[in-house]
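Colleague: The following block contains the structure, expressed as structure tokens.
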Amino acid sequence: MSNLLYRLGRSAATRPWVAIGAWVVLAVVVIASSSAFGRELDESFEAPGLDSYRAAELLAETQTDEGGITAHVVLEAPDAAAQLAPVEGALAELPHVLGTTSSVSPEGDIALVRVQYPAIEHLDASDLENLKDAVADLRDESSLTVETGGDLFFAFEEAPTGLGEVAGIVVAMIVLLIAFGSFVAMGLPIGMALFGLVVGVTSMKLVTYLVDIPAWAPELAAMVGLGVGIDYALFLVTRHREHLAQGMAVAEAAGRALATAGQAVIFAGGTVVVAILGLLFAGIPFVTGGGVAISAMVLVMVLASVTLLPALLGLAGHRINGRRRRGDEGPHRPSTGWHRWGAHVTRNATAYLLGGAALMLALAAPVLALDLGFPDDGTKPESRTERRAYDLIAEGFGPGANGPLVIAVDVAQDRSVVAPLAEAVNADPGIASVAEPTVDLDAGVATLVAQPTTSPQDVATQETIARLRSDVFPTVLDGTSATAHVGGQTATFADLGDRVQERMPRFVAAVLVLSFLLLTLLFRSVLVPLKAVVLNLLSVGAAYGVLVMVFQWGWAAGLIGVESTVPIVSFIPLFMFAILFGLSMDYEVFLLSRVREEYRRHGDNTRAVIEGIAGTGRTITAAALIMVAVFSGFVLGSDPVVKMMGVGLATAIFLDATVVRLVLVPATMKLLGEANWWLPGWLDRLLPELDPASAEEPVEVAVGPRPLGS
């Protein structure tokens, strides 16, 4: 592979406009095809096999409209009932509105209008904008306090974006400028990553022909893609400049950079993709779709790194070194500061291993209190109308009014069960009230809307749902042909949390095994991959622990704009594990590739570890700072879900690039000694020869640098 990459890099750098032109054509084709033939992204959170999914299927067959989504419009006035007629009339005239229902609080000062829409596939963001405009007109025409919320906002409201991403890119530019001391060297990784980002994001509507992609996936894919794209380019540009410093010609330096660091990029990207595709084992369609979207983005970044970036390096020439003249770079020397650090850690390996492991385990300990759920409108800032509507509904109608349970009953063969079932549900201690049942005779489906006594994210609500399914329904329906299923958003997210907890062990095992096998193939060692897997688990566990401390326990939550404690979103642990495990393997591959290069040269394990740290410490630190900056930018948003991803990813990358990669890895490798590179003979014969770092001198290239004029 090293020779293939060497030829590819040298060719792209020699004829840069061919590679750049190919990427421009590809971008035009992707953008045009996506606009002309792309399919809309999926807005649903469905998971076949769940009880709530079966409820949704039954409701979709009825004419009761309960299978659609709703919006809430809340009025507050001394005599709210007198204000209902004009409000309902204005809302009923909006496009796609199927009807409205209203209720007034016992005190008469709060009124709730429930606006019914069809299923989400028949709607788009314009429906939310129409509702907002209508409510704004109502506010202008009266002195009413009017707030809005509900499923329609959850489906289509997009938290303000742009500031966080821009801030992350600005920080990345500053880090690159400091690391390289050249505007050209800084601009190449940023430009390549942004170009890859455009191609990757626009391709999502085409990927939907293979698998449904969730509507929120492009933002998450962009978060990961931007980080890895800049990181991969950083490693390649660093190695390219090292070769230029040795006096090589531009094309030669680009070829050798791709032959060495390019292999690490490919295997690091492959590890990320393997880890993220482990989401297939979760058995949740929208999670699988999100994983495919992120994997596609990472693949685009890898391809851009090994084809587009060498062309840009060739085009930049020696200008990549700023004002320094050609030939002034001098020989490349590893950082003496990092060399001293590596030597210090290896001399005190036992102490650093114990201290680093204790710190990571302490940070990971809160994961034992992990509470999966879903933040509702009550967790949003008070500046948001959804939060104010939530509070008014809870005040006027009780906390459970914000998350009604929609019970679908299949009564095609026995309609006599509806009344006794409604009575039994109403008698449950966790239910405050049950609306009058509706029965669709043609569909053979009865609908009961039950209001819990507790809020949607309260653990007691989940217990009520479980009790209805395990106790109440069987008591009434045993011996009949009728079946009942609890649906609605509250039940759906409770079910998703249960599904995640059920599938998490299988998913984690799959990712660990696949990553271990890939690293065994790459480094031809047993202990190195095993160590990498264990240490990466520590990084992920510490990130989970920080999430619990910040979002569940509220530690320093106010500093990032979180106004109340919230449960961890049910599917975030899955995505975080896949993404973080893959990204942490990036740094593992880059560091160990360099360590193995040095070890193959002289066979001294301790010296190889120190030189590996010296050769990559600065670059890994810069790469981690960039990744942390990109992920931290998402903490600036107002959505708790996005904040969770930003906090979790930034924390894990920071810990991985500091405590793990620069402390625990050198300490463990020093203590393991020559055993690091042990591989059973029978396994050595089975594995194909893949050398991640032997290309410092490709077979077809003469040993030693070429003259400057070559």
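Please treat every number below as a calculation from the coordinates, not as lab data. This one's a predicted model, so the numbers in the text were calculated from it and none came from an experiment. Every residue, glycine as well, gets a Cβ built from its backbone with ideal geometry; the counts of neighbours run over all protein chains shown.
Colleague: Lysines near K643 by alpha-carbon distance under 18 Å, same-chain residues fewer than 8 away left out - which ones?
Modeller: Straight-line reach from K643, under 18 Å: K380.
Colleague: For every other residue with a beta carbon closer than 13 angstrom to the beta carbon of M301, add +1 if it is Lys or Arg and -1 if Asp or Glu, then tell me the sum.
Modeller: Values: positive: none; negative: D231, D586.
Here the count lands on -2.
Colleague: Per DSSP H run of at least 4 residues, take -39500 (n - 2.57); add these up for the chain, divide by its residues and hand me the 222 nm value, nearest 500 deg cm²/dmol. Display every interim value, and only then the final one.
Modeller: On the way: 26 runs with 414 residues, N = 710.
Dividing the helical sum by the residues of the chain leaves -19500 deg cm²/dmol.
Colleague: So how tilted is helix 285-303 from the main axis of the chain? Cα-based, degrees 0 to 90, rounded to 10.
Modeller: Compared with the principal axis, the helix lies near 20 degrees.
Colleague: Among A484, G108, V273, whose Cα sits farthest toward the positive end of the charge dipole of the chain (+1 at Cβ of Lys/Arg, -1 at Cβ of Asp/Glu, about the Cα centre)?
Modeller: V273
Colleague: Angle between the Cα long axis of helix 572-602 and the longest principal axis of the chain, 0 to 90 degrees, nearest 10?
Modeller: The angle comes out near 10 degrees.
Colleague: A further question on this structure: Based on the Cβ-Cβ distance of A435 and L354, what FRET efficiency does E = 1/(1 + (r/R0)^6) give at R0 = 51 Å, to the nearest 0.05? Could you put the intermediate results ahead of the total?
Modeller: Numbers: r = 61 Å, r/R0 = 1.20.
Calculated value: 0.25.
Colleague: OK, next. Add +1 for every Lys or Arg and -1 for every Asp or Glu among the other residues with Cβ under 11 Å from the Cβ of G9, and state the total. Spell out each step's value before the answer.
Modeller: Numbers: positive: R7, R10, R239, R256; negative: E252.
Its environment carries a net charge of +3.
Colleague: Taking the number of other C-beta atoms within 10 Å as the exposure measure, put L299, L188 in order starting with the fewest. Spell out each step's value before the answer.
Modeller: On the way: L299 17, L188 25.
So the ranking, lowest neighbour count to highest, is L299, L188.
Colleague: Order the peptides 538-545, 89-96, 138-145 from the highest to the lowest mean number of other Cβ atoms within 10 Å of their residues. Let's see the in-between values first.
Modeller: Working: 538-545: 24.8, 89-96: 14.2, 138-145: 12.6.
In descending order of packing, they fall as 538-545, 89-96, 138-145.
Colleague: Can I ask one more? Under unit Cβ charges (Lys, Arg +1; Asp, Glu -1), what dipole magnitude, rounded to 20 debye, does segment 380-423 have relative to its Cα centre?
Modeller: Details: 5 positive and 7 negative charges, 48 e Å.
Once rounded to the nearest 20, the dipole reads 220 debye.
Colleague: Let me ask something else about it. Kindly put I393, I31, I230 in sequence by how many other C-beta atoms sit within 10 Å of each C-beta, fewest to most.
Modeller: Values: I393 25, I31 16, I230 28.
Least to most surrounded, the residues fall as I31, I393, I230.
Colleague: Give me the net charge for the shell around A282: Cβ to Cβ below 15 angstrom, other residues only, Lys and Arg +1, Asp and Glu -1.
Modeller: Working: positive: R499, R503, R506; negative: E46, D212, D495, D498, E502.
Local net charge: -2.
Colleague: Moving to a separate point now. Place +1 on the Cβ of every Lys and Arg and -1 on the Cβ of every Asp and Glu in the chain, take the dipole about the Cα centre, and give the residue among G9, P456, G430 whose Cα lies farthest towards its positive end.
Modeller: G9
Colleague: Might you report the magnitude of the Cβ-based charge dipole of segment 399-486 about its Cα centre, with Lys and Arg at +1 and Asp and Glu at -1, to the nearest 20 debye? All intermediate terms of the calculation are to be shown ahead of the outcome.
Modeller: Numbers: 3 positive and 11 negative charges, 23 e Å.
Value, rounded to 20: 120 debye.
Colleague: Take the alpha carbon atoms of segment 604-674, find their center, do the same for segment 364-427, and report the distance between the two centers in whole angstrom.
Modeller: Cα centroid to Cα centroid, the span is 41 Å.
Colleague: Now, a different point. Run through segment 207-298 and list the GluC sites (Glu not before Pro) located in a DSSP loop whose Cβ has at most 12 other Cβ atoms within 10 Å.
Modeller: Filter output for segment 207-298: empty list.
Colleague: A further question on this structure: Picking from A365, T379, L353, whose Cα lies most toward the positive end of the charge dipole for segment 346-390 (charges on Cβ: Lys, Arg +1; Asp, Glu -1)?
Modeller: Sorting the options by dipole projection puts first L353.
Colleague: Relative contact order (percent) for the chain, with alpha-carbon contacts under 8 angstrom and 6 or more residues of separation?
Modeller: Numbers: 1305 pairs, mean separation 151.7, N = 710.
Averaging sequence separation for qualifying contacts and normalising by length gives 21 percent for the chain.
Colleague: Sort R467, R54 so that the residue with the fewest other Cβ atoms within 10 Å of its own Cβ comes first and the one with the most comes last.
Modeller: On the way: R467 15, R54 18.
Placing the least packed residue first, the sequence is R467, R54.
Colleague: Work out the length of the dipole vector of the chain about its Cα centre, built from +1 on the beta-carbon of each Lys and Arg and -1 on the beta-carbon of each Asp and Glu, and round it to the nearest 20 debye.
Modeller: Working: 43 positive and 72 negative charges, 1186 e Å.
Once rounded to the nearest 20, the dipole reads 5700 debye.
Colleague: Here's another thing I want to ask about it. Taking θ = phi - 60°, what integer Hz values does the Karplus form 6.51 cos²θ - 1.76 cosθ + 1.60 yield along segment 414-428, in sequence order, with x for Gly and Pro?
Modeller: The phi angles translate into 7, 8, 6, 7, 4, 4, x, 5, 4, 5, 5, 5, 5, 7, 5 Hz.
Colleague: Let me ask something else about it. Please list, ordered by chain and number, the residues whose modelled amide H lies under 5 Å from the amide H of V569; skip anything fewer than 5 residues away on the same chain.
Modeller: Excluding prolines and chain starts, which carry no amide H, the hits are G373.
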